[in-house]
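Worksheet: one structure, shown below.
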Amino acid sequence: MLIRSLTVRNFRNIASADFIFDPKVNIFTGNNAQGKTNLCEAISVCLGKSFRNPKTAELLPFGGNSEEIAIELCFAFDNMPDKENTITYTQRNNSFRVKFNGIEMKDAEKLYGALRYVIFIPEDLYIVKGDPSTRRDYIDFVSNMINRVHNSKLYEYNKALRQKNNILMNSREWDGAAFMMIDSWNDTIARTGVNVMCGRIRYFDLLAEAANKYYGMINGANEVLSMKYDSTVTDGKDFGVDDPMGLYEMYRAKLRETAERELRMKYTVVGAHRDDISFYINNMPAKDFASQGQIRSIAVALKLAEAEMICSKSDDVPVIILDDVLSELDEYRRSFIINHIDNFQIFITSCNLSDTEKFGHGKVWNVENGKFELREA
Ligand code: ATP
Ligand code: MG
């Protein structure tokens, strides 16, 4: 999709702003706390969901609750470039409305996913350096983006896991009744866990391959990024989606093997909920050895890989929003991001005015206190 224009009224610290965007690169630059991320958020609100997950009232300008938020975003789908579509988001107090080409949407979140965008926010660095749960959430997000049933598979798995953990919590000793109940839940857990693991691994190699490609473009060819899905079920060994029965047997055996430990610990110690992803740069674990810039480059490469996967699965090219992506990157890497992501429309925020000095195309806005001024070409 191509976002052509945007108007924003009374959204957080942005009283009034109007934009006609460049089809390729759009940069918003200014000091901290001026409104750059707020603008990215205004775009995401129109595309179905704020990436900040705020309470609705938080979007209203401070102290100005009587104001109406009004955002209008005009865009064209790639396969119908001449047809302009409009999304409007209006909000008074806690109640908001979303219209698509003038028709009110009952469930505005339906837009999310239909209108594809990929966003990098600084918190995404935790995909690389944070807890395993952040990486699992990420891989589940990507899996669900490609295959919309993934979240329901995950839901079934988590439900079974909760039930079994409840029994473990309440069993003082390993009696026959507890064994029977746990064994029965283990069957459900292994069945649903295999679905979750296969859902994650199905597109994992594609994601890893694309991330490696973009990482090489950002960092130069002598750095190779690789990714590995580490499963507690297979003890880190690779597995494929072509033998779910074999994986199920392995899952069941692993649950039997850890039954005693589970009873002691009072929770399920192996399974899809304990799996993780490892990132390696030139075969060294990124979590332990990568520099700040390398970690950031991995996160950006993942986002570009995500965008590429969306392209491979739909007719529409997603827009890319990169919020505060350039800090910690050296000139070569910043220049790649600003000048060489050619196949997507991108929106970049940056605190550093010099980031845009060598920038030869697209549009740049200076941001100050919620006001956006288009820089002369
Ligand atoms: P940084 O470079 O530090 O990321 P930024 O330009 O991205 O800065 P924003 O996150 O867009 O900054 O926030 C700009 C300002 O908007 C902040 O001072 C913030 O307190 C303010 N702000 C946030 N929510 C509201 C609101 N509902 N009403 C008015 N101002 C708000
Ligand atoms: Mg910001």
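The values are calculated or read from the model by the stated rules, or taken from the named source; none is laboratory data. Remember, it's a predicted structure, so these values are computed and weren't measured experimentally. Neighbour counts are summed over all protein chains in view; Cβ atoms, including those assigned to glycine, are modelled from backbone coordinates with ideal geometry. Quick note on the areas: whole protein, heavy atoms, side chains included, nothing else; ligands and nucleic acids left out. Shrake-Rupley method; radii C 1.70, N 1.55, O 1.52, S 1.80 Å.
Of the residues in the stretch 14-27, how many are away from ligand 2 (no atom under 15 Å from the Cβ) and either over 14 Å from Phe347 (Cβ atoms) or outside any strand (DSSP E or B) (or both)?
Summing the residues that are away from ligand 2 (no atom under 15 Å from the Cβ) and either over 14 Å from Phe347 (Cβ atoms) or outside any strand (DSSP E or B) (or both) in the stretch 14-27 gives 7.
Mind telling me which of the residues Arg116, Arg52 ends up being open to solvent by 10 Å² or more (accessible area, probe 1.4 Å) and touching a Pro at 6+ places or on another chain (Cβ under 8 Å)?
Details: Arg52 fails: touching a Pro at 6+ places or on another chain (Cβ under 8 Å).
Only one candidate qualifies: Arg116.
Looking only at the stretch 2-29, count how many residues are within 26 Å of Lys83 (Cβ to Cβ), of a type in the set (S, T, N, Q) and open to solvent by 10 Å² or more (accessible area, probe 1.4 Å).
If we filter the stretch 2-29 for residues that are within 26 Å of Lys83 (Cβ to Cβ), which is where we start, we get 2-9, 17-26.
Now restrict to residues that are of a type in the set (S, T, N, Q): 5, 7, 26.
So of that shortlist, the ones also open to solvent by 10 Å² or more (accessible area, probe 1.4 Å) come out as 5, 7.
Of the residues in the stretch 2-29, 2 are within 26 Å of Lys83 (Cβ to Cβ), of a type in the set (S, T, N, Q) and open to solvent by 10 Å² or more (accessible area, probe 1.4 Å).
What number goes with the only condition from (1) under 20 Å from Arg92 (Cα atoms); (2) open to solvent by 30 Å² or more (accessible area, probe 1.4 Å) that Ile43 does not pass?
All conditions are met except number (2).
As an exercise: evaluate Ile69 against (1) away from ligand 1 (no atom under 12 Å from the Cβ); (2) modelled with pLDDT of 95 or more and give the number of the one condition it does not meet.
(1)
Among Asp242, Asp235, Asp230, which is the only one that is over 30 Å from Ser312 (Cβ atoms) and not aliphatic (A, V, I, L, M)? Give the derivation first.
Working: Asp242 fails: over 30 Å from Ser312 (Cβ atoms); Asp230 fails: over 30 Å from Ser312 (Cβ atoms).
On inspection, the qualifying residue turns out to be Asp235.
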